[in-house]
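Colleague: Handing you this structure, nothing more for now.
No lab work stands behind these numbers, since they all come straight from the coordinates. Owing to the predicted nature of the structure, the values given are computational and were not obtained by experimental measurement. Every residue, glycine among them, receives a Cβ derived from its backbone with ideal geometry; neighbour counts consider all protein chains shown.
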Amino acid sequence: MDVRAVLMGVAFATMWSSAFTSARIIVADAPPLSALALRFLISGLIGVALARAMGESWRLTPAQWRATIIFGICQNALYLGLIFIAMQTVQAGLAAIIASTLPLIVAAVGFLALGERLRPLGVTGLVAGLAGVIMIMGSRIGAGVDLLGVFLCVLGALALTVATLSVRGATSGGNVLMIVGLQMLIGFAALAVPAAFETHEVRLSWPMVLAFVYTTLVPGLAATWVWFMLVRRIGAVRAATFHFLNPFLGVAIAAVVLGETLRPLDLAGVAVIAAGIYAVQVSKTSAARAAARVTS
C-alpha cells in the first residue's frame, strides 16, 4: 500500500468519524430528516455540477445505476436518516462506535449467510468485536442510555451493510464524482416525503450553521469521493482496513468538540472493537492474496 493510499485512508476515516459530532450539533437545533434532505440536495447538486465541469457523464452503465440507487437509498436515506433521528438522544461517540462495527457486520453476514470463508484470525476478530460492543453497551445501559436511539443506530448499521454488500463495482466504469452526486440526490428524493411531516422549527446559531456547511461539504461530499477513489486505487478489502480507526476517531472527536465523557470501560471497548475490525480485515486481505496466487 503506497503513501498516497495511506493518506487517503486516514483522511476518509477522519472525515467519516467527524460526521457524528457535526450531526449531533445540527439535530439539536433543526429537524433531523429535513436537515439531512437539504444536505443531500446541496451536496448532490454540487457533486453533479463539478462532475459535469470535469467532463464526467451521467450516462451510467446499468450496473452503475443499480449500485447508485441502492447506495443512495440504503446509505443515505436509511442509514443516515436513522442515525440523524437517533442523534437527538444518543451521544455522538456512541453512534460512531455502533456505526464503526460495519466491517464486523459485513464479515458476519458474509460468513453466516453468503458462505464466505473466514480464517481463524477473522473469527477471532468477530468475537473480539462483539465482546467490545457488549462492554460498551453494558456500561452505557447502566448509565441510562436511550435504548430506542441505540436500536435506530443498529438498524442504520444494518442498512449500510446492505449497501456495502450490494454495491460492488459501482465506479468500475469511471464517472466517480457523478456517481457520488447522483446518490446524494437519490437520498434527497427518498427523504423529501418523510421530512415534509416533521415540525420545521429551526434555531439558527453559528455552531449549527457551521456544522451544517461542514457536514454537507466534508463528510457528505469529500469523504464519499475519497472513499470511492481509495477503493479504485487499492480495492474494497484493503480500503476497508481503515475502518479500524473509526471507533477511536469517533469518540475522540466527540470528546474534544462536544465534551462527551469517556469512561474507562468505553475506552477498553473501543480498543477491543478496533482490534477486532483490524483482525477481520487482515484476515480478508490475506485470503484475497491467497486466492489471487491460486488463480495466477
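Colleague: By how many nm would the segment from LEU158 to LEU112 grow when fully extended, if each residue of separation counts as 0.36 nm and the alpha-carbon distance is taken off? The partial results should precede the final answer.
Modeller: Working: separation 46, 0.36 × 46 = 16.56 nm, distance 1.46 nm.
That pair, LEU158 and LEU112, stretches by 15.1 nm at full extension.
Colleague: For LEU50 and TRP206, calculate 0.36 nm times their separation in residues minus their Cα-Cα distance, and state this gained length in nm to one decimal.
Modeller: 53.4 nm
Colleague: Right, something else. Name the shape class, rounded, prolate or oblate, that the alpha-carbon gyration tensor gives for the stretch 3-295, where a ≥ b ≥ c are the square roots of its eigenvalues, rounded holds for a/c under 1.5, and otherwise prolate holds if a/b is larger than b/c and oblate otherwise. Walk me through the numbers before you get to the answer.
Modeller: Details: a/c = 1.72, a/b = 1.05, b/c = 1.65.
Oblate, since a/c reaches 1.5 and b/c is not below a/b.
Colleague: Next question, about the same structure. From the backbone phi of the stretch 29-42, what are the Karplus-calculated ³J(HN,Hα) couplings (6.51 cos²θ - 1.76 cosθ + 1.60, θ = phi - 60°) in whole Hz, Gly and Pro given as x?
Modeller: Here the 3J(HN,Hα) series is 10, 8, x, x, 5, 5, 4, 5, 4, 5, 4, 5, 4, 5 Hz.
Colleague: Shifting gears a bit: With +1 assigned to the C-beta of every Lys and Arg and -1 to the C-beta of every Asp and Glu, and no other charges, what is the dipole magnitude of the chain about the Cα centre in debye, to the nearest 20? Could you put the intermediate results ahead of the total?
Modeller: Working: 18 positive and 9 negative charges, 204 e Å.
With Lys and Arg at +1 and Asp and Glu at -1, about 980 debye.
Colleague: Normalising by the residue count of the stretch 3-295, find the relative contact order in percent from Cα pairs under 8 Å and 6+ residues apart.
Modeller: Numbers: 444 pairs, mean separation 121.4, N = 293.
For the stretch 3-295, the relative contact order is 41 percent.
Colleague: Could you give me the ³J(HN,Hα) list for the stretch 187-194, computed from phi with Karplus coefficients 6.51, -1.76, 1.60 and θ = phi - 60°, whole Hz, x at Gly and Pro?
Modeller: x, 4, 4, 6, 9, 4, 5, x
Colleague: Could you run the Karplus curve 6.51 cos²θ - 1.76 cosθ + 1.60 with θ = phi - 60° over the stretch 210-222 and give me ³J(HN,Hα) per residue in whole Hz, x for Gly and Pro?
Modeller: Along the stretch 210-222, the couplings run 5, 5, 5, 4, 4, 4, 5, 8, 9, x, x, 9, 5 Hz.
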